[in-house]
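> Sharing a structure, written as structure tokens. Questions coming.
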Amino acid sequence: MDAPTLRLALTNASNPDDTTRNAAEEQLKASFAGNPENHLFLLSQELADEVAPQEQTRALAGLTLKNFMTSKDQGHATKLANDWLALNPDARTKIKANSLISLGSGSKGVRLAAAQVISKIATIELPKVNEQNVSQWEDLMPTLLTNIVTPEESPAGVTKKEAALQTLGYICEEIAKLETDCLASKSNEILTAVVAGMRTQETNLAIKLAATQALSNALEFVNRNFEVDGERDYIMTVICEACTFTGPADQVAKVNEVKESAFLCLNRIAELYYNKLPGYIQTLLEMSLESINTQPDEVARAAIGFWHEGCDVEYEL
């Protein structure tokens with residue numbers, strides 16, 4: 001299959017007509033079965049093609065690429081992971097490069113699809129280390145962190161920063177499900193990057209939201225930071241500032257998303273580090289009661305959730 005044929009098949013795979021759609025899906029499966037490396041590369045190329053006529057087709061290429069690497073069935077997921085690792089390293093490198101390029105796309109749907117592709121590949125490759133403790137995608141985390149901490153000073157740089165934060169959050173969420181410490185050595189850098197995106201100095205609400213959501217997923221990896229009083233205080237301060245964030249009056253919906261996500265961070269902290277919270281309880285009580293009484297339902301529910309989580313932990317003690 002060549003690139004134009006793949007693009008047509010992807011377009012037809014979204015066709016409401018059952019016959020057309022089913023034929024396209026079979027065509028894509030046959031292409032993968034005949035030459036997996038070429039098929040996956042073409043999907044990544046379509047994902048990264050900024051001059052492609054249809055954003056929907058590009059996003060579908062990314063989601064299709066992701067689905068060739070993961071499954072809800074654990075046995076099948078293991079097979080797909082092994083199949084990926086068995087591909088030619090050069091082909092894998094090109095696919096990963098196209099996926100990273102796509103984080104800078106002007107299309108939000110494409111960026112989201114790219115973030116999911118990268119997180120799935122990372123879940124497979126980061127835990128696989130050699131005798132020197134070097135993973136099979138060693139430059140991934142430095143690349144993402146660079147895009148977050150020192151982004152390009154342009155609208156495209158801001159967009160890529162948001163996408164990198166989303167990707168980082170997805171990776172942390174996926175890796176947390178595995179019995180691996182492959183992110184432990186990067187925990188300080190990850191924490192620094194996401195917390196920087198949450199600070200009051202960050203005026204871009206999309207970045208603030210992506211950073212807050214990423215922190216929620218990364219909390220499982222920062223246990224060493226929670227053991228240090230000063231570092232823990234700083235993390236809690238930044239989260240509480242996000243819980244009470246006011247923001248621009250013309251972006252109320254996004255502001256509320258930030259506050260809801262910040263309270264969800266606290267819920268996760270209650271689950272993971274409840275024994276570290278006594279010194280903050282009075283502040284958390286006053287803040288959550290204020291939010292329960294004055295904030296929209298989604299924020300109030302998240303604030304209530306903190307105490308619900310705390311009760312669950314107390315019950316298990």
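The values are calculated or read from the model by the stated rules, or taken from the named source; none is laboratory data. This one's a predicted model, so the numbers in the text were calculated from it and none came from an experiment. Cβ placement follows ideal geometry from the backbone for every residue including glycine, while neighbour counts extend to all protein chains displayed. Accessible surface areas use protein heavy atoms only, side chains included; no ligands, DNA or RNA. Shrake-Rupley method; radii C 1.70, N 1.55, O 1.52, S 1.80 Å.
> How much area per residue is accessible in the chain when the probe is 1.4 Å and only protein heavy atoms are counted (Å²)? Don't skip to the end; give the middle numbers.
Working: 15580 Å² over 317 residues.
Computed with neighbouring chains in place, this is 49 Å² per residue.
> Could you tell me which helices of the chain pass both thresholds, a Cα extent of 20 Å or more along their own axis and a mean Kyte-Doolittle hydropathy of at least -1.0, with helices taken as whole DSSP H runs? Each step should come with its number before you reach the end.
Numbers: long enough: 18-34 (24 Å, -0.86); 108-125 (25 Å, 0.65); 155-175 (30 Å, 0.09); 229-243 (21 Å, 0.07); 252-273 (31 Å, 0.33); 297-316 (28 Å, -0.40).
Helices meeting the criterion: 18-34, 108-125, 155-175, 229-243, 252-273, 297-316.
> Now for a separate question. Roughly speaking, what is the centre-to-centre gap between the stretch 38-76 and the stretch 252-299 when only Cα atoms are used, to the nearest Å?
Value for the Cα centre distance between the two parts: 37 Å.
> Taking a ≥ b ≥ c as the square roots of the eigenvalues of the Cα gyration tensor of the stretch 52-194, is the shape rounded (a/c under 1.5), prolate (a/b larger than b/c) or oblate?
It comes out oblate by the Cα gyration axes.
> For the stretch 1-159, what's the relative contact order in percent, using C-alpha pairs closer than 8 Å and at least 6 residues apart?
Working: 159 pairs, mean separation 29.3, N = 159.
Taking the mean separation of contacting Cα pairs over the length of the stretch 1-159, I get 18 percent.
> Only Cα pairs within less than 10 Å get springs; with that Gaussian network setup on the chain, which residue of 194, 110, 134 has the largest fluctuation?
The residue with the greatest mean-square fluctuation here is 134.
> So, one more: When only DSSP loop residues count, what trypsin sites (Lys or Arg not before Pro) in the stretch 19-112 have their Cβ near at most 10 other Cβ atoms within 10 Å?
Answer in residue order: 72.
> Something else: Given springs between every Cα pair under 10 Å in a Gaussian network model of the chain, which of 40, 87, 140 has the largest fluctuation?
Looking only at 40, 87, 140, the biggest GNM fluctuation is shown by 87.
> Another question, then. For residue 120, go through the lysines and keep the ones whose alpha-carbon is under 21 Å away, minus same-chain ones fewer than eight residues off.
Answer for residue 120, where 21 Å is the Cα cut-off: 29, 66, 72, 79, 94, 96, 108, 128, 160, 161, 177, 186, listed by chain and number.
> To continue, here is another question. Candidates [x] 21.6; [y] 23.4; [z] 21.0; which is the computed Kirkwood radius over Cα pairs in Å?
Label [z] holds the value from this structure.
> For the chain, what's the relative contact order in percent, using C-alpha pairs closer than 8 Å and at least 6 residues apart?
Reported as a whole number, the value is 10 percent.
> Which is the longest run of the chain containing none of the GluC sites (Glu not before Pro) found in DSSP loop states (not H, G, I, E, B) with at most 11 other C-beta atoms within 10 Å? Before the final figure, lay out each step's value.
Details: sites that count: 131, 153, 179, 227.
Within the chain, the longest run free of exposed GluC sites (Glu not before Pro) spans 1-130.
> Hey, another quick one. Could you work out the relative contact order of the stretch 218-317, using alpha carbon pairs under 8 angstrom and six or more residues apart, expressed as a whole percent? Could the numbers behind the result be given before it?
Values: 79 pairs, mean separation 27.8, N = 100.
Normalised by residue count, the contact order of the stretch 218-317 is 28 percent.
> For the chain, modelled as a GNM with alpha-carbon contacts under 10 angstrom, which of 283, 57, 11 fluctuates the most?
Maximum fluctuation in the GNM of the chain, among the listed residues, is at 283.
> Modelling each spin label as a point 7 Å along the Cα-to-Cβ direction, I'd like the residue 153/residue 311 distance in nm, to one decimal.
5.2 nm
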